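Here is the structure we will look at, set down as C-alpha cells.
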C-alpha cells in the first residue's frame, strides 16, 4: 500500500496499469473481509465500530472505482484510484492499539478545541482583511512575491498561515516597511507601492504574539491533556486500554443483540464476568457488589442502562476519588455514595426481616401440621371404640330379637301351684304351716331339690356387676316394662313366664333381677293365707 501511495498514477507511465491491477485485486480481498465481518458480527454489530464504518466506506469507494476504471480507464479513474489508496492507508491506524490511541487523541482534541480553532480562524481572517487594505499594493521583495502577498483576502489568509507556522515572518514584516527611495511614492494610496513602517510593526507583532503565544499554546495544551488521558502507559494509567477492551468484550457477551443497552438485572452478570482491574468478587465484596447494583438501579429508576453508564460506575469504584476528582465533584460523589449506603442498609435489614418471618411462618406451619396430625390420630382412636360399641349394640339387638321370636314359638308351661302339706290329725280342708326352703334343717342339696325350687333359688346367685355401659343402658330400657307388670305376676316362675321375653343378654339379666321380687310377693301372699287359716281355726 505504501508503494502504491508513493508512486504517482500517471496514465503515460508503464507501471500505472500494474498498480491499478494490484489495487483491483486488493479491493476484492477487502470486499471478502467486509462480508466475513458482517457474518461474524452481524450487520448491526459491525456498524457499531467507527473503524468498521470507515473501512466499509473505503471498500465501497474502491468497488465503485473498480467498475469505472474497467469501463473508462482515463486520467480521472486513475486519480480516484490514487485517492482510494490514500484513504485506505488511514485504516491501518485502527488495527494497531498505539496508532489507534494516537488517532483517538487527535480526534478528541479537535472536538474539544473546536471553538478555539474556530476563534483562531476568525482572527486570521480579520487580520487577512486588514492586511489586504494596508499592504495590498506593496512592492515585491524577499518575503512577498507572486504567490505570497496581500493582494486579496485569500492570499492574505495563506500568508498569515505561513506566519503561524513561523516561516520568515520577520522578512515579510520588513518587506511591508519599505520606504522611498526603494519604492514609488504617489499621492493616492492605491497608486503607490510603498509600505507602512508603523502599521507593519504593529500588525505583525500583535498577530504573532496572539496566535503563536496564546492561541497555539492553548490548542497544544488541550491536545496534551487529551494525549495524557488516552495515550498513556499501562502501568501509569488509572484505567488502561486493556481494561476498557476487556469490559467491551464482557459487554458483548451479555448484550447479544448489540443494542448498546441492557436491563439492570443483567448488570450482575457483567460484574461477575469481569476480570482484571475492574473485577468484582461477589463473595469477598458483597457490600460493594450491592452498592454497584443499586447505583445503576437508581440511575435510570430501574430501566435499561447503557454501556457508558456501567463503565463510568466501574471507573468511579476502581480509582481513588479523593485524588482523581475536584472538590465539587468529590462532594457530590460522596453525598451520592452516602445515599446509596443508606438505601442498601435498609434493603439488607428488610431482607433479613423477611427471612426471619419466613422461618417463623414455616415453623408455625410445621407445628400446626403436627398438631393436626395428633388430633386426627386421637379422633381416629375415639371414633373406633364408638363404632365398635355401635356395632355391638346392633348385634345385641339382632340377637335379642331372635331370642324373642324363639320364646314366642315355644309352648307355654302349665302353672305350678304352691305345694302344701296336711298333717294326719287335722280336719279336712284345714291348712297348716309347712316347712319351707328357708329352714336350715330342711335344706336339701341341689340334686334333691325340686325343679321349682331350683328355678326359684337360681336368681339369688351373685350377679355380675362388671357389665359394659351399653349393656346397662339396654337393661334399663328392658326392665321398665318388667317392673310395670311385677305386681300382677303370680307366684313362682309364672311372673317370669308372663313377662315379655327379654332381649339377649340384657333380657336374661332383667329376668334374674325380677325373680327375688316375685319370691317376696309369693312369701307375703303365703303368710297372709296362713294368718287367714289360723284365724278361721280359732273361731271354730
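The values are calculated or read from the model by the stated rules, or taken from the named source; none is laboratory data. Bear in mind the structure is a predicted one, so any value in this text is a computation, not a measurement. Counting neighbours? That spans all protein chains shown, and the Cβs are built from the backbone with ideal geometry, glycine included.
Considering each of 337, 303, 297, 341 in turn, give the residue that is outside the structural domain of residue 264 (by TED's automatic domain parsing), touching a residue at least 12 places away in the same chain (Cβ under 8 Å) and under 28 Å from residue 245 (Cβ atoms). First the steps, then the outcome.
Numbers: 303 fails: outside the structural domain of residue 264 (by TED's automatic domain parsing); 297 fails: outside the structural domain of residue 264 (by TED's automatic domain parsing); 341 fails: under 28 Å from residue 245 (Cβ atoms).
Going through 337, 303, 297, 341 in turn, just one is outside the structural domain of residue 264 (by TED's automatic domain parsing), touching a residue at least 12 places away in the same chain (Cβ under 8 Å) and under 28 Å from residue 245 (Cβ atoms): 337.
Can you pull out every residue in segment 141-150 that is surrounded by fewer than 16 Cβ atoms within 10 Å (Cβ to Cβ) and modelled with pLDDT of 90 or more? Outline the logic, then answer.
Initially, segment 141-150 is screened for residues surrounded by fewer than 16 Cβ atoms within 10 Å (Cβ to Cβ), giving 142, 145-147.
Correct list: empty.
Out of curiosity, is residue 155 modelled with pLDDT of 90 or more and assigned by TED's automatic domain parsing to the domain that holds residue 204? Step through it out loud before you land on a result.
Working: modelled with pLDDT of 90 or more: yes; assigned by TED's automatic domain parsing to the domain that holds residue 204: yes.
When the stated conditions are applied, residue 155 passes them.
Whether any residue in segment 323-330 is in contact (Cβ under 8 Å) with a residue 12 or more places away in the chain, surrounded by fewer than 17 Cβ atoms within 10 Å (Cβ to Cβ) and under 30 Å from residue 101 (Cβ atoms) is what I want to check. Outline the logic, then answer.
Taking segment 323-330 first, the residues in contact (Cβ under 8 Å) with a residue 12 or more places away in the chain are 324.
The next check asks that each one be surrounded by fewer than 17 Cβ atoms within 10 Å (Cβ to Cβ); those that pass are 324.
Okay, now just the ones that are also under 30 Å from residue 101 (Cβ atoms), so 324.
Within segment 323-330, one or more residues are in contact (Cβ under 8 Å) with a residue 12 or more places away in the chain, surrounded by fewer than 17 Cβ atoms within 10 Å (Cβ to Cβ) and under 30 Å from residue 101 (Cβ atoms).
Go through segment 28-130 and tell me which helices (runs of 4 or more DSSP H), entirely inside it, have 2 or more residues that are under 30 Å from residue 205 (Cα atoms).
97-112
Being buried (at least 17 other Cβ atoms within 10 Å of the Cβ) and touching a residue at least 60 places away in the same chain (Cβ under 8 Å) is the filter; apply it to segment 63-89 and report the residue that is farthest from residue 18 (Cα to Cα).
Among residues in segment 63-89 that are buried (at least 17 other Cβ atoms within 10 Å of the Cβ) and touching a residue at least 60 places away in the same chain (Cβ under 8 Å), the one farthest from residue 18 (Cα to Cα) is 88.
To keep it simple, each residue is scored yes or no on (1) over 23 Å from residue 255 (Cα atoms); (2) at pLDDT 90 or above.
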| residue | (1), (2) |
| --- | --- |
| 30 | yes, yes |
| 34 | no, yes |
| 39 | no, yes |
| 51 | no, no |
| 75 | yes, no |
| 78 | yes, no |
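When you scan segment 5-14, do you find a residue that is at pLDDT below 90, assigned to a helix (DSSP H, G or I) and out of contact with any strand residue (DSSP E or B) (no Cβ under 7 Å at 6 or more places or on another chain), even just one? Let's see the steps before the verdict.
Of the residues in segment 5-14, the ones at pLDDT below 90 are 5-14.
So of that shortlist, the ones also assigned to a helix (DSSP H, G or I) come out as 5-6.
If we keep only those that are out of contact with any strand residue (DSSP E or B) (no Cβ under 7 Å at 6 or more places or on another chain) too, we end up with 5-6.
Looking through segment 5-14, at least one residue is at pLDDT below 90, assigned to a helix (DSSP H, G or I) and out of contact with any strand residue (DSSP E or B) (no Cβ under 7 Å at 6 or more places or on another chain).
Show me the helices (runs of 4 or more DSSP H) entirely contained within segment 149-229 in which 1 or more residues are over 29 Å from residue 110 (Cα atoms). Please lay out each step first, then the result.
On the way: elements: 153-164, 169-175, 197-210.
Hits in segment 149-229: 169-175, 197-210.
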